[in-house]
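**Q** The following block contains the structure, expressed as structure tokens.
The values are calculated or read from the model by the stated rules, or taken from the named source; none is laboratory data. Predicted model only: the values in this text are computed from it and were never measured. Here the Cβ positions follow ideal geometry from the backbone for every residue, glycine too, while neighbour counts run over all protein chains shown.
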Amino acid sequence: MIKNNLKIFSQNVRKNKVLTDIILETQKNSADIIFIQEPPRSPIRHIPSHSNPMGDPLYGTPNHPEWTLFICQDTTQENYARVATYINKRLARMRFALRLDIINHRDINVLALHNDRDINYIINIYSDSNQTALRALRESMTNIDKTIILTGDFNIRDSDWDPNFRHHSSRTDDLITIADSLGLELSPPSNPGPTRFADNPHDTNSVIDLVFLPPNNTGFGRHTLHPEIRKPSDHVPLIIEIGIGDVNTDINIRSIKKDSKEEKEFISSLIQGVQSLNTSAIRSQVNLEASVQQLANVFENAWNIHSKQKHITKHSKEWWNQDCTDGLNKYHESGDLKHWKEFKSVVHTVKREFFDNKIHEIASSNKRPWDLISWVRKKSLPAIESILYENRLCNTLPNLWNALYKSYNSAENRPVNTRLLNELS
């Protein structure tokens, strides 16, 4: 398939895991890229630790078999990433890469993509009230060339883009300077409106989620706001389409599941098609080639009718089903918190049934119960044992070097008893 544009879904989800799951599932067939600001960080499991007998908690961001997650990793809870980017796996041929060598910051994702022979950049950003991300981006923007989009939650109100705000912010000048250095301009939405709805009814709604594009891009001024699907977040999703050069992204295959209804229908179509061929008039090479072509057409038509298009993935089938879709639609229609809780209950039940069946399949049908524990298998400890120095564990390389350095220096210039060497001779 030849693509000449990229469809991007962007939203601040306020650390809501269920909303993130919804976006990943509902956008898998339409969006190419998902930009998430303030992604959720939830515990996955405890992993073996050489300092904690109960194990260290492992936190993570939701994943999905149709998407590749790009996020800055940090082991400390206070520095966990505040932006996450998902790339649809059908774009694998574009070779997206998170460029931490350009900027390694928890509030900024700079991704490179291969567009024919060119390399372009896309930037997902969350800038807090102190504008930490803007300062980091300003220091690194000289290393970023051919940027095709800069978008996210900027937390800046200004009269230039927010009709409910009458003042000009000094931070706007910094933002415009950064965008200008990247060759970008503020792209107005085709349906203007607030991008964040105030929690307090006495406060005004605001416009703080912005899109910057090259002014000559076909998507400039055409992105749309979708407040009807924002809940439970207070931020409105943005759907953006940006133009790119023609790129072949086709990595799909067609297949028919073994022993399925489709396989039986495929074989039946082949039999009927072969039986209908007229082979009585094959008296020359031309007639033979025509008959072979007819036979090839029979196989091709039967295959296209009964096979399904898929793309190769190492993951299992998905847990989302029609009950999840119905529950989500019911909540979107009503906006009632009661229906949201019902939907969360449905998701919990469906997930539990799916993974229980998967466990049964692995343990009973495949007779390989050890596959179930591969992800919690005991991890190899470092090549050193835990060393105590000054009554503290030396769990990091700098601590080990510090202990070695101080221990060596403390022994320096001490008298040495050489009589031990005489005993060895």
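**Q** Which of the residues spanning the range 347-374 are of a type in the set (A, V, I, L, M, F, W, C), surrounded by 11 or more Cβ atoms within 10 Å (Cβ to Cβ) and modelled with pLDDT under 75?
**A** Residues of the range 347-374 of a type in the set (A, V, I, L, M, F, W, C): 347, 350, 354-355, 359, 362-363, 370, 372-373.
Keeping just the survivors that are surrounded by 11 or more Cβ atoms within 10 Å (Cβ to Cβ) gives 347, 350, 354-355, 359, 362-363, 372.
Within the range 347-374, Ile362, Ala363, Leu372 qualify.
**Q** Also: Which residues, counting only those in the range 37-52, are free of Cβ contacts under 8 Å to residues at least 40 places away in the same chain, surrounded by 14 or more Cβ atoms within 10 Å (Cβ to Cβ) and over 11 Å from Arg14 (Cα atoms)?
**A** Selection gives Ser49 alone.
So that you can scan it fast, the table gives a plain yes or no per residue for (1) modelled with pLDDT under 90; (2) within 28 Å of the chain's Cα centre (by Cα); (3) not acidic (Asp, Glu):
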| residue | (1), (2), (3) |
| --- | --- |
| Pro201 | yes, no, yes |
| Phe212 | no, yes, yes |
| Ser233 | no, yes, yes |
| Leu238 | no, yes, yes |
| Asp246 | yes, yes, no |
| Ser260 | yes, no, yes |
| Ser268 | no, no, yes |
| Gln272 | no, no, yes |
| Asn278 | yes, no, yes |
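**Q** Ser159 versus (1) among the small types (Gly, Ala, Ser); (2) exposed (fewer than 14 other Cβ atoms within 10 Å of the Cβ); (3) in contact (Cβ under 8 Å) with a residue 12 or more places away in the chain: which is the lone unmet condition?
**A** Among (1) among the small types (Gly, Ala, Ser); (2) exposed (fewer than 14 other Cβ atoms within 10 Å of the Cβ); (3) in contact (Cβ under 8 Å) with a residue 12 or more places away in the chain, Ser159 violates only (3).
**Q** Search the range 136-166 for residues being of a type in the set (A, V, I, L, M) and closer than 18 Å to Arg82 by Cα, and hand back the single one that is farthest from the chain's Cα centre (by Cα). Can you show your working first?
**A** Of the range 136-166, the ones of a type in the set (A, V, I, L, M) are 136-137, 141, 144, 148-150, 156.
Filter once more, so that each one left must be closer than 18 Å to Arg82 by Cα: 136-137, 150, 156.
Details: Ala136: 22, Leu137: 21, Leu150: 17, Ile156: 26 Å.
The extreme case among them is Ile156.
Conditions (1) in a helix (DSSP H, G or I); (2) at pLDDT 90 or above, marked per residue:
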| residue | (1), (2) |
| --- | --- |
| Thr142 | yes, no |
| Asp145 | no, no |
| Gly183 | no, yes |
| Asn191 | no, yes |
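**Q** Sort out for me the strands (runs of 3 or more DSSP E) sitting completely within the range 1-60 that have 1 or more residues that are under 13 Å from the mean Cα position of the chain (by Cα).
**A** Fully inside the range 1-60 and qualifying: 2-12, 33-37, 56-60.
**Q** Considering the range 178-207 alone, what residues qualify as being of a type in the set (Val, Ile, Thr) and touching a Lys or Arg at 6+ places or on another chain (Cβ under 6 Å)?
**A** Ile178 - this is the single residue of the range 178-207 that is of a type in the set (Val, Ile, Thr) and touching a Lys or Arg at 6+ places or on another chain (Cβ under 6 Å).
**Q** Residues Gly193, Gly219: which one is in contact (Cβ under 8 Å) with a residue 40 or more places away in the chain and surrounded by fewer than 16 Cβ atoms within 10 Å (Cβ to Cβ)?
**A** The conditions single out Gly193.
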